[in-house]
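Accompanying notes for the structure given below.
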Amino acid sequence: MNAPLQNDVFLRALKRQPIERTPVWMMRQAGRYLPEYRAVRERAGSFMNLCTTPEWACEVTLQPLARYRLDAAILFSDILTIPDAMGLGLEFVEGEGPQFRSPIMSPADVDRLGVPDPETALRYVPDAVRLIRRELDGRVPLIGFSGSPWTLATYMVEGRSSREFRKIKAMLYDAPEVLHRLLATLSKAVSAYLAAQIAAGVDAIMVFDTWGGILTPTQYQTFSLPYAEAALKGIGAPVDERVIPSILFTKGGGQWLSAMADTGYDALGLDWTTDIRAARSEVGDRVALQGNLDPQALYAPIPALKEEVLRIIDRFGHGSGHVFNLGHGVWPDVNPEHVGAMIEAVHEVSPLYHRVIPA
Ligand code: CP3
């Protein structure tokens, strides 16, 4: 059993229920900008050792909470655990990012893929969730996550991080039915993976569609959005009937917010290129919004940084339904003091935007 939550302002904001201030957390909040993260990473020897050892994953998940007044913890893991469990062989090469030993090269490779059982092949993930939940002891909610089927497919077909996406685009144009089969398998895998994280105790889930924004509008509606929707629908209701809010983040997805708002997710993540006021008027009361400070604003002098924080809170405007975050992950060379200044600025200015205005 999870301890009752002492701070649920994040969950209430996702459900657009009244709150006293805007909650704040940060994508990649446990990561290389923190010296204490780099120290544990050194001891672990590799990033994958961190992910696959629940005690280490737990330790680094909690690190940013010891420093900052954050309103949520996010499971320390990676989106590429699913393809790894499907047998593609994930490696993180220093300075080069993720690579697969056996990427998808042919239709036969797609047809060989199975849906990994999260409690066996990915056991280290629900194990980490159970441990983190115990150690958090109800201080703040824990976010579980997955990559979107489309974003996972890009890595599995490209074999590594890519700029041009030649291989996945070739598959999209030359063999769309093969890509659809891959995406259908991935959406089942994502559902099972998220369901296991929920059963293990996460309080909210987020789907990262990092590469949805490289698609044309029609392709996005064909290859990304329906599978992100299917992944959510496939989770089913948790056995204990808890309500688990969900967030969908498409980097570069600002022009498709209305379609995204109709998929059943409770909230949409915004990157920094979208005006949050325009986004709010577009989605209305269908979903909450999360974001969207330019990650580079953390390099600015603190007064300029605070001004950006205030600008975003002010442009969202009065009332619930906003979770403050960056528009993408924090860069590894950011000064941790600037992260602290950003978080404190949200605590400082946001209560004004949640006062009940007398009739
Ligand atoms: O947000 C969090 O703090 C939770 C942990 C988390 C990580 N990766 C840890 C990580 C989450 C949610 C992710 C998601 C992820 N991983 C995404 C989607 C989000 C996004 O950024 O768009 C993607 C595309 C990946 C794949 C991946 N993993 C890449 C491209 C890299 C970067 C490689 C590099 O060297 O820069 C990673 C590695 C990774 N994932 C690190 C961390 C803290 C750095 C690894 C290290 O310590 O060396």
Hull-based mean projected area of the chain, where the convex hull spans the alpha carbons, in square nanometres: 17.1
Fluctuation leader among 315, 16, 41 - the chain, Gaussian network, Cα springs under 10 angstrom: 315
Lys pairs, region 9-353 - Cα-Cα below 27 angstrom, 8 or more residues apart or on other chains: 13
Selection from 301, 107, 253, by position along the positive dipole direction of the chain (Cβ): 253
Average accessible surface area per residue within region 9-353, 1.4 Å rolling probe, Å²: 39
Additional length obtainable on full extension of the chain from residue 38 to residue 315, 0.36 nm per residue less Cα span: 96.1 nm
Relative compactness, region 265-337, computed as alpha-carbon Rg over 2.2 N^0.38 Å: 1.12
Span-rule helices in the chain, defined as complete DSSP H runs reaching 30 Å or more along the axis (Cα) with Kyte mean at least -0.5: 176-200
Cβ charges +1 (Lys, Arg) and -1 (Asp, Glu), total dipole of region 9-353, debye: 180
DSSP beta bridges in the chain [antiparallel fraction, %, rounded to 5]: 15
Carbon plus sulfur fraction of accessible area for the chain, probe 1.4 Å, in percent: 52
Helical mean residue ellipticity (222 nm; -39500 (n - 2.57) per DSSP H run of 4+; nearest 500) of the chain: -12500 deg cm²/dmol
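The values are calculated or read from the model by the stated rules, or taken from the named source; none is laboratory data. Quick caveat, the model's predicted, so the values are computed rather than measured. With ideal geometry, Cβ positions are generated from the backbone for all residues, glycine too; neighbour counts draw on all protein chains shown. Just the protein is used for accessible areas: all its heavy atoms, side chains included, with ligands, DNA and RNA removed. Shrake-Rupley method; radii C 1.70, N 1.55, O 1.52, S 1.80 Å.
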